[in-house]
Amino acid sequence: LYNEENNVKIGTAYLHILFYNYLKKIKNKESRLYCTISAYNTGAGNVAKAFIGTKNINKASTYINNISSEEVYKKLIKNLPYDETRKYLKKVYKRINMYGSI
């Protein structure tokens, strides 16, 4: 728990699993990134719930693939079930360019 190096490795592994496994059916990479950021904080089921009202990420992926990445972001900010996750997504989104340059 208090080993920063281990936490970074586990966190990045989990992000990888979310992006390339759980959310792989989301075709637009920007949309998938927004969903990954949100799922990291609240779980893929709650991301699905923001779009279709159930926790079925495969069905939600079909819906997500038919809207723009901007609409995905707005829908997540509006419909994620927890305020903490909405704030987390906004915070990471604002800093995404900074993270990319590291």
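Please identify the pairs in which a residue from segment 78-101 that is of a type outside the set (A, V, I, L, M) has its Cβ atom under 7 Å from the Cβ atom of a residue that is assigned to a loop (DSSP other than H, G, I, E, B), counting only partners at least 6 apart or on another chain.
Every condition considered, the pairs that remain are ARG86/LEU80.
Which numbered condition trips up PRO81, out of (1) assigned to a helix (DSSP H, G or I); (2) closer than 30 Å to LEU1 by Cα?
(1)
When segment 53-87 is examined, which residues are found to be polar (S, T, N, Q), buried (at least 16 other Cβ atoms within 10 Å of the Cβ) and over 16 Å from PHE19 (Cα atoms)?
THR85
Looking at segment 39-52, can you tell me whether even one residue there is free of Cβ contacts under 8 Å to residues at least 40 places away in the same chain and of a type in the set (S, T, N, Q)?
Within segment 39-52 (the criterion being free of Cβ contacts under 8 Å to residues at least 40 places away in the same chain and of a type in the set (S, T, N, Q)), the answer is yes, since at least one residue qualifies.
If a residue counts only when it is open to solvent by less than 30 Å² (accessible area, probe 1.4 Å), which helices (runs of 4 or more DSSP H) contained entirely in segment 1-52 have at least 2 such residues?
The helices (runs of 4 or more DSSP H) meeting that bar are 29-42, 44-52.
How do the pairs read when you match residues in segment 1-16 that are among the hydrophobic types (A, V, I, L, M, F, W, C) with residues anywhere that are at pLDDT below 95 and assigned to a helix (DSSP H, G or I), using Cβ under 6 Å and keeping only pairs 6 or more apart or on different chains?
Matching pairs, first to second residue: none at all.
The values are calculated or read from the model by the stated rules, or taken from the named source; none is laboratory data. Note that the structure is a prediction, hence the values are computed from the model and not measured. Glycine also receives a Cβ, built like all others from the backbone with ideal geometry; neighbour counts cover every protein chain displayed. We work out accessible area using only protein heavy atoms, side chains counted, and drop any ligands, DNA or RNA first. Shrake-Rupley method; radii C 1.70, N 1.55, O 1.52, S 1.80 Å.
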